[in-house]
Amino acid sequence: SLVGSEMCIRDRYNIQSPFILTVGKTEPRKNLKNLINAFKKINDKNIDLVIVGPEGWSQESILYKGFRIRYLGLITDQELYSLYTACQVFVFPSLWEGFGYPLVEAMNLGAPIICSKIAPFEEIAKDSAYYFDPLSIDDMAQAINKVLVDNQLKKNLVESGKIRAKEFSWKNYYNTLI
């Protein structure tokens, strides 16, 4: 069960606090440096930032080890799914992406999404995400603060995200071909 695995992953990685999740390779285009600076400006000082993903070509993950910042590196799919279901919000701050598969995973698993206002993300998430300017640390921090405290907004993002995620199934894709 996901609930059992959620407890297991929290124990394995010693995640005690509520947390914000982000997923992706540690590369400059993923915009993690701006996310970390935005994270330092959020109002809730009892929340952690959990970063999941393999080392990218820049090796900048060294910067991500700090107070309340947890860099887990590469983890199993099951562990990742447990984190999506347990996070307070999922933040995807990329400057550019081809598609953005983590958005579909997050929506499918009920994580409220906050992401960059870039064309691929707007096409994928539509009204199931709360958007920010990825170049603005203040705008990103403001978006995170807003979704963390607005429970109705969070609930709306989760509900519309689950509906939207259903549009990204192989079955739906196959049906468009025939």
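The values are calculated or read from the model by the stated rules, or taken from the named source; none is laboratory data. This structure is a prediction, so every number in the text was calculated from the model and none was measured. Virtual Cβ from ideal backbone geometry, glycine too; neighbours counted across all protein chains shown. Heavy atoms of the whole protein, side chains included, go into the accessibility calculation; ligands, DNA and RNA do not. Shrake-Rupley method; radii C 1.70, N 1.55, O 1.52, S 1.80 Å.
Carbon and sulfur together cover what percent of the accessible area of region 16-167 at a 1.4 Å probe radius? Before the final figure, lay out the partial values.
On the way: 3740 of 6940 Å².
Here carbon and sulfur together make up 54 percent of the probe-accessible area.
Checking a compactness column here: for the chain, what do you get for Rg(Cα) / (2.2 N^0.38 Å), N being the number of residues? Please list the in-between numbers first.
Working: Rg = 15.5 Å, N = 178, 2.2 N^0.38 = 15.8 Å.
With N residues counted in the chain, Rg over 2.2 N^0.38 Å equals 0.98.
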- Given only helices, namely DSSP H runs of n ≥ 4 each adding -39500 (n - 2.57), what is the per-residue ellipticity at 222 nm of the chain, to the nearest 500 deg cm²/dmol? -13000 deg cm²/dmol
- Query: What list of ³J(HN,Hα) values in whole Hz, one per residue of region 29-38 in order, does the Karplus curve 6.51 cos²θ - 1.76 cosθ + 1.60 (θ = phi - 60°) give from phi, with Gly and Pro shown as x?
  - Reply: 5, 7, 6, 5, 4, 5, 4, 5, 5, 5
- Give a residue-ordered list of calculated ³J(HN,Hα) values for region 141-154 (Karplus: 6.51 cos²θ - 1.76 cosθ + 1.60, θ = phi - 60°; whole Hz; x for Gly, Pro). 4, 4, 5, 4, 4, 4, 6, 4, 9, 9, 5, 5, 4, 4
- Query: Ordered by packing density, taken as the mean number of other Cβ atoms within 10 Å over each peptide's residues, highest first, how do 160-167, 111-118, 84-91 rank?
  - Reply: 111-118, 84-91, 160-167
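Can you work out D for region 84-178 in µm² s⁻¹ from Stokes-Einstein, where Rh is the Kirkwood radius over C-alpha pairs, the temperature is 25 °C and the viscosity is 0.890 mPa s?
Values: Rh = 13.4 Å.
Stokes-Einstein gives a translational diffusion coefficient of 183 µm²/s.
How would you order 136-145, 71-80, 42-51 from highest to lowest mean count of nearby Cβ atoms within 10 Å?
136-145, 42-51, 71-80
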- Over the chain, what is the mean sequence separation of C-alpha contacts under 8 Å (at least six apart), divided by residue count, expressed as relative contact order in percent? 22 percent
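How many Å² of accessible area per residue for the chain, probe 1.4 Å? The partial results should precede the final answer.
Details: 9150 Å² over 178 residues.
Using a 1.4 Å probe on heavy atoms only, each residue of the chain averages 51 Å².
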- Task: Take the Cα of ARG29, step 7 Å along the line toward its Cβ, and report every residue of region 92-109 whose backbone nitrogen sits under 16 Å from that point.
- Result: 93-103
- Query: For ILE69, which sequence-distant residues (separation of 5 or more, or a different chain) have an amide H within less than 5 Å of its own amide H, given hydrogens modelled in the peptide plane?
  - Reply: LEU49
- Query: Taking the simple approach of a point 7 Å from Cα along Cα-to-Cβ for both LYS40 and ASP150, what is their distance in nm?
  - Reply: 2.7 nm
